[in-house]
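Worksheet for the structure shown next.
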Amino acid sequence: MYEKYLLQLEEAGKIRNLKERSINCYKNYVSYFLNYMEKHPEELTCQDVRDFLLAKKDDGLKATTLNLYNSAIRFFYRNVLHVLWDDITVPRMIIEHKLPTVLSTDEIDRLLDATDDLKYKAMFATMYSSGLRVSEVVHLHYDDISRTNMTIHVRETKGRIDRYTILSQKNLDLLTEYWYKCGRPKDILFPSSWSGGYLDIASVNQFFKKSAKLAGINRHVSSHACRHSFASHLFESGTDIKYIQSLLGHVDPRSTDVYLHVSNKTLLGIRSPFDNPEGGES
């Protein structure tokens, strides 16, 4: 019943040069919405979207997930149904911005030691040592690793801007061990054992949480903690925040400034006025 509309959604995404995974996400979210509403698409209104999102919120979905539904359905309404979108009826939900989770170097070591699968161990090490997102590490290719320049060419970035980041010798040694022992992949660096294509991001995150649990890390962490830890540890070691911004591929400096708040370095040496002698200078 909805195949025609999902094909139109795919075409609308392609003509706007959206990434394939973005188009697939949109199709999945819209398909779920259409099946949930059980209405002909031409009869849908913005009030239907509002009711759907409120119902899903009551089911316990987080604001970030609800906003993903919002974006997908809005794209569908505008570009397939050609329905005027009402941001007042269907506003984006406010997201609480919490400080990123940062692992200590000891926790990173324990995490890697607890990861017995060499492929995932090499992936987690690369995410930490080079500051990669999980979506970036799964899209790495063999030719992206430069042993001559000790750099990694990151192509599938969030902002669609290619960048280079650092490659540590310790990580290169681990990548080399993985490459020799795991089939010597020549194209995709970390191919799926089942399809030979790109690994599913959800499966990588699931494996990361398993390793974190085995490592005795009891806090709620995701694989993105590797990237956060990379940035925070660089800052604490004295690396200029501008270089960290470049390595992370942040276009907006405010995205990097969060590490000023999570790093102990920013707090060291700052004296509370409560500890100053009365009338004294700080």
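When all alpha carbon pairs of region 124-173 are counted in 10 Å bins from zero, the resulting P(r) reads 27, 63, 10 %. With a cut-off of 15 Å between beta carbons, the residues surrounding V83 carry a summed charge of -1, where Lys and Arg count +1 and Asp and Glu -1.
Scoring 233-241, 129-137, 56-64 by mean Cβ neighbours within 10 Å over their residues and listing the highest first yields 129-137, 233-241, 56-64. Label zone of Y243 (point 7 Å out along Cα→Cβ, amide N under 14 Å): in region 155-191 this covers 165-168.
Computed over the alpha-carbon atoms, region 3-81 gives an Rg to Rh ratio of 0.95, Rh here being the Kirkwood radius from the mean inverse distance.
Dividing the summed helix terms, -39500 (n - 2.57) for each DSSP H run of n ≥ 4, by the number of residues in the chain produces a 222 nm estimate of -16000 deg cm²/dmol to the nearest 500.
Each part reduced to its alpha carbon centroid, region 51-113 and region 168-242 end up 24 Å apart. Defining a contact as two alpha carbons under 8 Å apart and six or more residues distant in sequence, what relative contact order in percent does the chain show? With pairs under 8 Å counted, the relative contact order is 17 percent. Using the alpha-carbon positions of the chain, Rg (one decimal) and Dmax (whole number) come out as 22.5, 77 Å.
How about region 36-65: which GluC sites (Glu not before Pro) there are in a DSSP loop, with at most 14 other Cβ atoms within 10 Å of their Cβ?
Within region 36-65, the qualifying GluC sites (Glu not before Pro) (loop, at most 14 other Cβ atoms within 10 Å) are E38.
Projecting label points 7 angstrom from Cα along Cα→Cβ for W194 and R21 puts them 1.7 nm apart. Normalised by residue number, the volume inside the convex hull of the Cα atoms of region 105-266 is 117 Å³ per residue.
Just so you know, all these numbers are worked out from the coordinates, no wet-lab data involved. These figures come from a predicted structure and were not determined experimentally. Quick reminder, even Gly has a Cβ in these numbers, built from the backbone with ideal geometry, and neighbours come from all protein chains shown.
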